[in-house]
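Just so you know, all these numbers are worked out from the coordinates, no wet-lab data involved. Everything quoted here is computed from the prediction, not taken from an experiment. Don't worry about glycine lacking a Cβ; one is built from the backbone with ideal geometry, like all the others, and counts go over all protein chains shown.
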Amino acid sequence: MMRFAIVFPLLVFVDLAAFAATTDIDELVKSVKEETRLEAAYDQERTERFLNERESQKQLLADARSQLAKVNREADALRKEYEKNETTLSDYEVSLEERAGDLNDLFAIVRQSALYANGVLETSLVSAEQEDRSAFLSGLGKSERPPTIDDIKRLWTETLTEVNESGKVVKFNATVIKPHGSEETQAVTRAGVFNAVSNGAFLRFLPDSGKLVELSRQPAARFQRMARSLESATSGIQPMALDPSKGAILSLMVQSPDVGERVQQGGGIGYLIIFLGALGVLIVLRSGFDLFRARRSIEAQVKTPETNPRSPLGRLKQIVEKQKTERDEAIALRLDEQLAEESSLLNRGLPTVAVLAAVSPLLGLLGTVTGMIETFQSITLFGTGDPKLMSGGISQALITTQLGLAVAIPLVLFHSLLSGRANRLVEILGKHSSDLLAEDGLD
C-alpha cells in the first residue's frame, strides 16, 4: 500500500506537465514542416534553372575554347614572325658593322673630340660673351646616333671660333658680380682667353653661372695700370699681363698673403723680431750720421789752425795746448786716454747692433721651434688628413726664421761697415795724435 501511495502522485504530475506543453510543440512541428517544404521547393527551382542553363554554359565553354585555340594559333604565328625578324635584324646588324668599317672609329673620335672641346669651351672666357655654346657639343658627345656631316662641320666651326677668339682683344657688356655680392652690368675688356678686366679690376669667369666675378683681392698696382691702359686703348700695341693658365695662376696669386699677413703669421715672436730690427736700423742711422759728422769735423780741423772743441781732433789739440808745461810722457798719456774716449764715442751703438744681429736669428729659431710644436700638437689631435690644420704652425716656423735672417743679415753688414769706418777714424786720430805730440816736443 505504501508503494502505490508514493508512485501515483508522481505519475499524475508528469501527465499534467506534458499536457501543458502540447500546444507549443505542435506549432513547432508545423513550422519545421513548412520550412522544409519551402526549401525543397527552392532547391527544385534551382535544379530546374541549372538544368535549363547547362546547355548555354556548354555553348559558352565551347566558344571560349575555340577562341583560345585561335589566339594560340595567332601567338604561334607572331612568335615565328618575331624569331624571323630577330634573325633578320641580327643579319642587318652584322651587315651594318661590316659596311661601317672604320666609320665607327671615326664616330668615336668625333664624340671624344666634342666632349673635350666642350670641357674647354665651358671654362673659356669667350663663354662670358658667347653663351650657350656647350649645349650642342655636350649633346654630340653623349649621343648614341652616328654624327652627321653637319654635326662634324659645326664641331669644327666651334673649335675654330675658339682659336680665333683667343687672339683678339674684345670689349663687350656683361654682368659682373662685385666682391660684396651685388651684380652690375659693366663694360668688360677680354684679352683673348687669358684675362678679363673691367674698370682696372681683374675678373674671373664662373663656368657654372656663366658670369664674371671681380676678384676680392687684386694683383699688384702695376698690373692694374696695365689693365686700365688696355681698356682705354683704341689701337696700337699695349703691354698686358696674361695668365696662360686662364685664371688659375691669377687666383693663386691673389690668395697669397701680403707682407702684413706674413708678419701676422709670425705671431708675437715675429713682431718682437721686427721691433729689434727697427731698433737696430735706428741705431745704425744714428751711428752712421755721427761717424759722418765726426769725419767732416776732423777734415775741417785739419784745414784750420783754430781749435774746434766739437771735433775729436780739436779735443786732442786742446789737451796738447793746455798741458804744454807737462812732460811729454804725461801729455802722451792724456792723449791716449782722450783717444780711447774718442774711439768709444765713435763706436757708440755698434755693440748694440752686433747684439741685435746675433739675437734676431736666435729669436727666429725660437719661433721655428714654437711653430713646430704647434704643428705636432695639431697632428696629435687631428691627424694628418687635413693639411690646413698644420699650416698655422708651419707658417709661424718659416716666417719667424725668415724675419730673423732678414733682420740679422743687414745688421751684420751695417755693423761691419760702420765698425770699419769707426776704426779708420780712430787710426786717423792716432796719427794726428802722434803728429801733435811730435810738434809739441819740437817746440
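Once the chain from residue 292 to residue 92 is taken as fully extended at 0.36 nm per residue, the excess over their C-alpha distance is 61.8 nm. With each label modelled as a point 7 angstrom along the Cα→C-beta vector, the residue 434-residue 187 pair spans 7.8 nm. Phi-derived couplings, Karplus 6.51 cos²θ - 1.76 cosθ + 1.60 at θ = phi - 60°, listed residue by residue for region 268-284: x, 5, x, 5, 5, 4, 5, 4, 5, x, 5, 4, x, 5, 4, 5, 4 Hz, with x used for Gly and Pro. Calculate, for residue 45 and residue 65, the FRET efficiency according to 1/(1 + (r/R0)^6) with r their C-beta to C-beta distance and R0 25 Å; round to the nearest 0.05. Once rounded, the FRET efficiency stands at 0.25.
Direction-averaged projected area, Cα convex hull, region 80-194: 11.0 nm², rounded to one decimal. Computed extension gain for residue 282 through residue 37, at 0.36 nm per residue and net of the alpha carbon distance, reaches 74.6 nm. Residue by residue, region 211-227 carries 3J(HN,Hα) couplings of 10, 9, 10, 7, 5, 5, 10, 8, x, 4, 5, 5, 6, 5, 5, 4, 5 Hz when phi is fed to the Karplus relation 6.51 cos²θ - 1.76 cosθ + 1.60 (θ = phi - 60°); x denotes Gly or Pro. Summing +1 for each Lys or Arg and -1 for each Asp or Glu among the other residues whose beta-carbon sits under 14 angstrom from that of residue 88 gives -3. The share of alpha-carbon pairs in region 167-250 lying farther apart than 20 Å comes to 26%.
Here residue 175 and residue 348 are evaluated by their C-beta separation; at R0 = 56 Å the FRET efficiency comes out at 0.30.
Between residue 299 and residue 234, 0.36 nm times their residue separation minus their Cα-Cα distance comes to what? Can you show the working numbers first?
Values: separation 65, 0.36 × 65 = 23.40 nm, distance 6.18 nm.
Gain in length upon complete extension: 17.2 nm.
The simple spin-label model puts a point 7 Å past each Cα toward its Cβ; for residue 105 and residue 271 those points are separated by 7.0 nm.
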